[in-house]
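In what follows, a single structure is set out as structure tokens and then discussed.
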Amino acid sequence: MVNIVEIHNLTKTFPGVVAVDNVSLEIREGELMTMLGPSGCGKTTTLRMIGGFEFPDTGRVILEGEDVTRLPPYKRRVNMMFQDFALFPHLTVEKNIAYGMRVAGMAKAELVREVARMLEMIELPDKAKNLPSELSNGQKQRVALARALIRRPRVLLLDEPMSALDAKLRETMQVELKHLHEKLGLTFVLVTHDQTEALVMSDRVVVMDEGRIAQVGTPIELYDNPATPYVANFLGTSNMVVAKVTEVSGETIVTEYGSGTIRVAAQGKRPAVGSEVMLCIRPEKVRVLLNGQDSPESFNRLDGVIAEQFFHGASVHLALDVGAATSIVIQHQLDTAEGQAALPPAGQRVSLSIDPASITLFEEVTAYGAEDRV
Amino acid sequence: MSQSRRRLFGFAALFAGPAVWWGTVLLAPYAIMFMISFYSKQFPFMIPDFQFGNYIHLVSDPQYYLVLSRSLKIAFFVSVVAFFLSYPLTYFMVFKVKSPRVRLLLYVATIIPLWVSYLLRAYTWKTILGTEGILNSFLIWIGIVDEPIQLFLYNQFAMVITMAYIFTPFMVMPIYAALEKIPRSLLEASKDLGIGKFGTFFRITLPLTIPGILAGFTFTFCLAAGDFISPQLVGGPYSNMIANVVATQYGIANDWPMGSALSMVMLFIVLGIITLSDKFERIGRLNLG
Amino acid sequence: MTTYEEVRVRERVEPRQMFLKLGGWDVSTATLTVAAACVLAFLYLPIVTLMVFSFNANPITRLPLTEWTFFWYEKAFGNEILLTALGNSLIVASCAVTICLCIGIPTALALDRYDFPGKTALRRLVILPITLPGLITGVSMLTFFKMTGVQLSLATVIIGHGTALTAIVVTNVFARLQRFDRRIEEASADLGAKPLRTFWHITLPNIRSAIIGSSLIAFTLSFDEIPVTYFLTGRDNTLPMYIWSTIRRGMTPEINAIGTVIIGVSIVLLLSSVFIMSDSGVRKRPRK
């Protein structure tokens, strides 16, 4: 696959902060790549450097093999869809869309045709003569999209595209944008702080933390094999528990947690016996064994008491006291009649079964707690 | 071209002209006036000997002290009158007028007189208060008095009325802004806690508008203290304000160094008041949280 | 100490006892309404007086009114000196506003977009002429022209007004630029527009209302200016200077007539500037 954008060792400091710290990244032609992270992690600054709105202190931005590091935005074949859209408030919808091609000097007749085509694509032909202030947020977003796409950019940059939309519309637009991406075959680079959005839409996700890249990979890779506790905690919900290593043998590491033991697949890691490690256990990978149900011999078994229940619609999260500092949260599906009937009440003793291969072990112990698991 | 070079170039292209303009017509005149205030008067014009004579003269001659204190006194009374005219009006507009359109209309109506020729507004008071004027002729017409009353015009009372009339809009604007900023929930909270209308006004509303009141006082005070048109029109014999004295120094007296020294004193008084009120206003704002 | 019980009793009683009701209005509201009406009347009484007496035949402005006439208007508009002064005022105001815009807009842009040494000092300096008494600007510039040997004329008046009133444009345009969403400029650059094109097509249209509004205000103020003009004018008179010299000699209803006209024009200018600055007039209605 061809890299359409390459950034090499990009660093950008603002007074008092290192916004982007030695970031290198390759974006492949036609993919939808998402930069994900909390505010202040440097994702927007990186995007703005690709767009030409900020120039890096050091490092290079390569677009289609050409060094564009110091080129102003109007000389780059990338276009941006801005957060809150930045539509020109004094121009009508059609003039907003036409702006980019008008600047480029497109002939009038062709321009009219092109704008009409764009309006058709975003399904707003009847709003052509309206001002942005007369549109809903969802409509504004589509106009912003059309305005950027009419220039046929090589890369479309999207800065928090959903942040101005309400939750319901957000889901619809995520799907629409993804379809559009597939239809156009264009490279999209998206910035978001919303992990669901990143997981749903992206081909690949870049997780950023304090100006650096924490991990790059497909959503499934990141979810199943997070490289650091930070990534594990940021993507999806997880139990981050601190356990003590009691035995390292071959491909298995045995740890002690509360009154029970947890075996974990080593995956090349070799923590010292007696050291503390962090385990990431996804709630949906834990099964509750009911009425003497069985589980494979190789799986972990833990006993505990149901402490609390948190209702989530299709599922319920159960907090289990396993006699350790933090309880373990598991997900119990309610989508079948059996599932509903089998919901154990609070206070009941149950056994859990966990596949050792589904647990990720980190040798570093960090402060990521269990606050937002439920 | 690097980014910073490009920015520098843009800045130079943008600001070179204005910089020359501000330097020539604003900075240079103030500097020259400051310099001349140390010169001394000598027929036919003045000589550039650097001395403090003018300032010493200002302090030692009781005539200047008298004019200065009169200016400050009149300016103070003007501000007080303007305040008592403005506060009820703005309070009414902000809290009693329910429709935002009507409120805006009333507000604009209060500001409009500001844009109606200043000179004409001072002049109408002359026609109203004069011996032959509208007020006297009205009083005689309806039979309250037989003889015109001389007391209305050509005194400090007339000056205060006229200037308070002229500068009231400057008091209304900041008070209006301050009143409008008060969250209604605060007043409701106060009432909810069992405090009556007057209590709420004196404990919540009034303290919260103090920055606005201060700004209004600063505006009206400085404007009134620096006025030299109204005193000449409606003031009469004992109404020379400091600005009138300055004007005289540049006119009949032809003592420019003295005029410059007086102007510098005025400039520093005004700047002092502005700085002071700025400081108080900031403290007030901090208290607002 | 008051007990809870006492407080509750007082709360129940207090509102009824403290406010007498007058036909649905309590006394405080009624008093306030009357006071507000009086203040408004006070603000408008002199203006109305001026207008009424401009139509009154009696050459002395006194009550009772005699008969209705347009005589004073005819006299005013037949007065050569007055008309020349009016012409001068219009020239001065137009030129002064041009200066205000040419200097004020770049200054506001520089203050908004660049950091440079002396920026705070410049901000303070620029607004000095509207914070200080006009007289100080007047005499300082008089001194300046005298020292540099410039003859006083309408040109010096124009420069004086330009200096005194540019602050209005600077503060208004600066305030608008501060509220201005810089991302639409980035969007324009993103869509291929070079900086100058972005300025003309995106920045300028979005600060236009502040520019027009402050121009109108500056025009009105220049048209009415005395303290600076007083010191800087040569042989030529502006309208306010003419009126000033006339009313110091005595009163004539001719001034009432010309005053009424000025008030009319000022109000139209002011209302349009308020209308434009509040943006309520700028294409709010959806176009069909």
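Computed from the coordinates by the stated procedures, all read-outs in this text should not be read as laboratory data. Because the structure is predicted, anything quoted here is derived from the model rather than measured. Please note: Cβ atoms are built from the backbone with ideal geometry, for glycine as well, and neighbour counts cover all protein chains shown.
Divide by every residue of chain B the summed helix terms, -39500 (n - 2.57) for each DSSP H run of at least 4, and state the resulting mean residue ellipticity at 222 nm, rounded to the nearest 500 deg cm²/dmol.
Result for chain B, helices only: -23000 deg cm²/dmol.
Taking beta carbons within 10 Å but only from partner chains, what does the mean come to for residues B:12-20?
5
Trypsin sites (Lys or Arg not before Pro) within the stretch A:113-157: which are DSSP loop residues with at most 14 other Cβ atoms inside 10 Å?
A:Lys129
Where in the stretch B:1-62 are there chymotrypsin sites (Phe, Trp or Tyr not before Pro) that are in a DSSP coil and have at most 16 other Cβ atoms within 10 angstrom of their Cβ?
Of the chymotrypsin sites (Phe, Trp or Tyr not before Pro), the ones in loops of the stretch B:1-62 whose Cβ has at most 16 other Cβ atoms within 10 Å are B:Phe50, B:Phe52.
Restricting to DSSP H runs of at least four residues, report the calculated mean residue ellipticity at 222 nm for chain A, -39500 (n - 2.57) per run over all residues, nearest 500 deg cm²/dmol.
The helix-only estimate for chain A comes to -7000 deg cm²/dmol at 222 nm.
Enumerate the residues in the stretch A:316-339 having an amide nitrogen under 15 Å from the point lying 7 Å beyond the Cα of A:Arg349 toward its Cβ.
Within reach of a label on A:Arg349: A:321-323.
Go ahead and set up a Gaussian network model of chain B, Cα springs under 10 Å, then flag whichever of B:Val234, B:Val97, B:Val25 fluctuates most.
B:Val25
I'd like the distance separating the alpha-carbon centroids of the stretch B:22-69 and the stretch A:134-149, in whole Å.
That distance is 64 Å.
Given the options B:Leu106, B:Leu223, B:Leu139, state which has the largest fluctuation in a GNM of chain B using a 10 Å cut-off (strictly under) for Cα springs.
B:Leu139
Measure out, as a whole number of angstrom, how far apart the alpha-carbon centroids of the stretch A:106-123 and the stretch B:127-163 sit.
74 Å
Quickly work out the A:Ala128-to-B:Thr131 label distance, labels modelled 7 Å from Cα along the C-beta direction, and quote it in nm with one decimal.
Result for the modelled spin labels: 7.8 nm.
Rounded, prolate or oblate: pick one for chain A, where a ≥ b ≥ c are the square roots of the eigenvalues of its C-alpha gyration tensor, a/c under 1.5 means rounded, and failing that, prolate if a/b is larger than b/c, else oblate.
prolate
Using a 7 Å offset from the Cα along the Cα-to-Cβ direction at both A:Ala314 and C:Met147, what is the distance between the two label points in nm, to one decimal?
8.2 nm
If you rank A:Tyr74, A:Tyr99 by fewest surrounding Cβ atoms within 10 Å, what's the result?
So the ranking, lowest neighbour count to highest, is A:Tyr74, A:Tyr99.
Quick check: Cα centre of the stretch A:322-354 to Cα centre of the stretch B:233-267, how many Å?
If we compute the Cα centre of each part, the gap is 91 Å.
Rounded, prolate or oblate for the stretch B:53-288? Axes are the square roots of the Cα gyration tensor eigenvalues, ordered a ≥ b ≥ c, and the cut-off for rounded is a/c under 1.5. Walk me through the numbers on the way to the answer.
Details: a/c = 2.53, a/b = 1.36, b/c = 1.87.
Oblate, since a/c reaches 1.5 and b/c is not below a/b.
Mind listing the phi-derived Karplus ³J(HN,Hα) values for the stretch B:136-141, rounded to whole Hz, using 6.51, -1.76 and 1.60 with θ = phi - 60°, and x for any glycine or proline?
So the J values, rounded to whole Hz, are 4, 5, 5, 4, 5, 4.
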